[in-house]
Amino acid sequence: MVQVHTCQNGVRIVSEQIDHVRSVALGIFVNAGSRYELPEENGITHFIEHMLFKGTKNRTARQIAEEFDRIGGELNAFTSKENTCYYAKVLDHHAELAVTILADMFFNSTFAEEELEKERQVVLEEILMSEDAPDDDVHEKLWEVMYPNDALGRPILGTATTLKTFTADMIRNYMAKHYGPESVVISIAGNISTKLMQTIEDLFGHYQPSPLVVEPVLSNPHFYPGEISKTRDTEQAHLAISYPAIGVKDPDMYSFIALNNIIGGNMSSRLFQEVREERGLAYSIFSYQSCYADVGAFTIYGSTSRQQLSQLQHTIDATLLDIVAGGVTEEELMNAKEQLKGSFVLGLEGTGARMNRNGTSELVHRRHRSVDEVLASIDAVSMESIDRLIAKILKAEPAISIIGPEA
């Protein structure tokens with residue numbers, strides 16, 4: 001059972017006791033993502049995520065790494081367009097030490113100039129690595145087309161131009177605005193002791209918000225159709241097509257996930273069968289949904305030789321037109337629902353997955369649905385709700401991104 005405790009300063013502690021395991025997964029979730037950055041701050045949320053590993057008043061970067069290695073633990077972090085998470089997984093008797101180190105990183109990072117310069121170069125290499133991978137870069141370019149006037153369209157990693165402007169003062173100012181206690185959720189799952197819960201409250205339950213703190217504001221950005229092409233000396237052409245879709249709080253959310261599965265979410269999907277199995281046009285062909293607080297996107301990706309690009313695009317278009325004209329079958333929907341239920345339940349078998357689900361649920365929805373409630377919602381997906389989404393999503397004009405060699 002998931003329990004939520006709100007500290008006196010507004011930090012929320014979400015816990016799920018799992019008695020039969022010997023591990024604990026802990027995550028600090030912050031309602032700070034790249035979509036809340038100003039244009040000149042683009043990439044600073046992700047840069048801060050890196051810098052919290054680079055030394056505190058009490059530990060060097062090496063000591064942080066060595067302490068986790070010594071106890072056989074995992075320590076990592078990620079930044080998305082809407083939130084940041086710093087997380088660890090350790091044996092249960094090391095949990096207090098793990099959360100103490102995470103708190104040290106969270107509150108006492110020094111942002112030393114030498115470390116700033118080194119990590120700036122690391123992130124620049126990360127940007128270049130992404131740009132070197134056309135199957136990544138094609139999606140970044142796609143978001144530029146979709147939301148050219150909004151932070152959602154800018155890369156999470158930032159750019160080389162913005163990266164070189166970040167200073168320790170900019171980092172502290174950004175954290176003062178976005179890392180206030182009301183924006184923080186601590187999620188724990190596993191064999192949790194009373195002492196661990198008290199340690200977390202002692203570490204996180206008393207700090208106060210800065211006078212600079214701001215509430216994240218959703219921009220509800222306008223989706224723009226259009227096309228962008230980038231010439232690269234690659235063996236294949238990479239194609240990404242995206243349609244405007246629904247946000248994560250939309251009541252048709254589970255219908256959207258089911259529709260994605262039917263169109264391109266697995267090996268029995270329409271696109272996989274038509275593009276790869278029937279026509280042999282591509283090795284990689286799939287679709288996925290991206291859902292944020294106010295907007296979403298339905299995206300299709302495929303890669304093929306430059307000579308077959310137009311045929312690939314035509315086959316994708318024809319498959320979607322067939323779905324718009326004739327909908328999906330009862331059998332397809334039933335299979336999609338069963339697959340969703342299976343993947344959902346199987347995905348919750350680890351403490352890390354439980355911690356992540358609970359932290360995200362609290363941060364985004366401020367409620368926690370039981371497994372049975374989620375399964376009932378999946379079962380409730382109907383042909384009518386699927387038809388409604390087909391009309392809403394697939395009849396819109398898409399955004400298109402292509403990266404590959406010259407024709």
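Laid out as a table, the results:
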read-out	value
From the options 29, 47, 53, residue that is part of a loop (DSSP other than H, G, I, E, B), within 16 Å of residue 105 (Cβ to Cβ) and outside the structural domain of residue 355 (by TED's automatic domain parsing)	53
Selection from region 62-79 of residues that are surrounded by 17 or more Cβ atoms within 10 Å (Cβ to Cβ) and over 23 Å from residue 23 (Cβ atoms)	79
Residue within region 128-149 that is closer than 18 Å to residue 84 by Cα and in the same structural domain as residue 86 (by TED's automatic domain parsing) present	no
Candidate set: region 42-64, residues that are of a type in the set (A, V, I, L, M) and under 17 Å from the mean Cα position of the chain (by Cα); chosen: the one nearest to residue 154 (Cα to Cα)	44
Residue in region 346-355 that is assigned to a helix (DSSP H, G or I), within 20 Å of the chain's Cα centre (by Cα) and either free of Cβ contacts under 8 Å to residues at least 40 places away in the same chain or closer than 28 Å to residue 404 by Cα (or both) present	yes
Test for residue 154: is it of a type outside the set (A, V, I, L, M, F, W, C), crowded, with 21+ Cβ neighbours inside 10 Å and either touching a residue at least 40 places away in the same chain (Cβ under 8 Å) or outside the structural domain of residue 105 (by TED's automatic domain parsing) (or both)	yes
Pick from region 361-407, criterion hydroxyl-bearing (Ser, Thr, Tyr) and touching a helix residue (DSSP H, G or I) at 6+ places or on another chain (Cβ under 8 Å), ranking: surrounded by the fewest Cβ atoms within 10 Å (Cβ to Cβ)	382
Where residue 73 falls short, out of the listed (1) within 28 Å of residue 350 (Cα to Cα); (2) in contact (Cβ under 8 Å) with a residue 40 or more places away in the chain	(2)
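Residue-wise test of (1) part of a helix (DSSP H, G or I); (2) at pLDDT below 95; (3) of a type in the set (A, V, I, L, M, F, W, C).
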{"position": "198", "(1), (2), (3)": "yes, no, no"}
{"position": "201", "(1), (2), (3)": "yes, no, no"}
{"position": "208", "(1), (2), (3)": "no, no, no"}
{"position": "214", "(1), (2), (3)": "no, yes, yes"}
{"position": "218", "(1), (2), (3)": "no, yes, yes"}
{"position": "223", "(1), (2), (3)": "no, no, yes"}
{"position": "234", "(1), (2), (3)": "no, yes, no"}
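The values are calculated or read from the model by the stated rules, or taken from the named source; none is laboratory data. Small disclaimer: the values here were computed from a predicted structure and weren't measured. Here the Cβ is made from the backbone with ideal geometry for all residues, glycine too, and neighbour counts use every protein chain on show.
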